[in-house]
Structure formats: structure tokens, C-alpha cells
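These notes concern the structure reproduced below.
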Amino acid sequence: MDDSKVRKYCGVLNAFMSFRDGVPYNPAHVFTVEELLSVTPEQVVRYFNLKCFGVPDPTPEMRPTLGRSNTILFAKKAISFFMPNKMETWSIRAASGNPTRSVVVNNFVKTIKRMEVRRQGAPSQARRALLAAEYESIIRILRSSDDPIRRFLCPAFHM
């Protein structure tokens, strides 16, 4: 796996574990298997609530204005990467497996997605390229400007 991706995953895990334990961890900290096995789905959801709502225990009236489902899905993937039993689903009865693959966490992600579809969540940060018609419109506006730099220099980059 790409080293930069593992560093990003470590950052998410450290932030989660710092939230969970109330202790700021060094970025180079390596968590023991016992520490990772003690993670529960409820702790993961409380952390995701903090990322989306700004508080670990939001009220039903609150909306996720700070984070979107893709942010949560990345954090879920990053935390899951370090779980000892990452291929196992969470067993409620045995309280073992991968907590990020639990019903509670998956339902949380579905709820955030549902709020996004209803436009009740954080606005999208996605960017797209200009369409040809949009680009031509910008060039036409620049060419009609009285400012010589806007009129001649900017459209010259079009060529």
C-alpha cells in the first residue's frame, strides 16, 4: 500500500483514538492489539457524530453541517484498516469483529446519506471542470470588457 495513504489512515486512527481515550497521541504512536480490540461501534459512531455534527451526542433536530458521508466513509475505511479482525463483521453477541462493519455504523452512514439527499446536510465540496458553453461564455464576457488586460490578455490564454 502507498505510504502516503497509510500516513493519512494513521492520522484518522490517531484522531479517533485521541477522541475515544481523551489523550492526545503522538502521530508515530503504534496502538496495541488490545487497544484496537477494545474499540466498540458506539465509540466509532460518537466520533463520526463529532465529525459531522460537532458534538458526540447530537439531538434529533441537529443536522450534519460539518461533514458528509464521503468523509465518514473515508474515516471508516481508515479505522478499519488497522483493526485486527478487519474482515469479520461485528458480532453483537460476542462483542468482537470489526466495529466499523457493524449495523450501528452502517446505519449511521445511511442516515447521513439520507440527510444529504434531502439537502439537510453539509454542502458538497465537489468540483467539476467547466463545460464548453460555460468556458465560451467567460471568454465572450472578457472580450467585451473595457479593461485591456481582461479584454486581450485573458482571452489570449484560450488559444
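Nothing in this text is a laboratory measurement; each read-out follows from the coordinates by a stated rule. All figures in this text were calculated on a predicted structure; none of them were measured in a lab. Glycine also receives a Cβ, built like all others from the backbone with ideal geometry; neighbour counts cover every protein chain displayed.
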Open item on the list: Given points 7 Å out from each Cα along the Cα-Cβ axis, report the PHE152 to SER124 separation in nanometres with one decimal.
Closed with: 4.1
Task: Cβ charges +1 (Lys, Arg) and -1 (Asp, Glu), total dipole of the chain, debye - done: 540
Task: Cβ-placed point charges (K, R +1; D, E -1), dipole of region 79-159 about Cα centre in debye, nearest 20 - done: 360
Open item on the list: Give the lysines whose C-alpha is closer than 20 Å to that of LYS86, dropping any in the same chain fewer than 8 places away, or say none.
Closed with: LYS5, LYS8, LYS76, LYS77
Open item on the list: Cut-off 10 angstrom, C-alpha nodes, Gaussian network model of the chain. Which of ASP147, ASP57, ASP21 fluctuates the most?
Closed with: ASP147
Task: Within region 73-135, trypsin sites (Lys or Arg not before Pro) in DSSP loop having at most 16 other beta-carbon neighbours inside 10 Å - done: LYS86, ARG93, ARG118, ARG119, ARG127, ARG128
TODO: Can you check what the Kirkwood hydrodynamic radius comes to for region 1-93, Cα pairs only, in Å to one decimal?
DONE: 14.1
Task: Signed unit charges on C-beta, dipole axis of the chain, positive-most listed residue GLY97, THR71, VAL45 - done: THR71
Open item on the list: Under 5 Å between amide hydrogens, which residues at least 5 positions from SER96 or on another chain qualify, with H placed 1.01 Å from N in the peptide plane?
Closed with: SER91
Task: Rounded to whole Å, sorted largest first: equivalent-ellipsoid semi-axes of region 66-159, Cα gyration tensor - done: 50, 15, 9
Open item on the list: Rg/Rh for the chain to two decimals, with Rh computed the Kirkwood way over all alpha-carbon pairs.
Closed with: 1.20
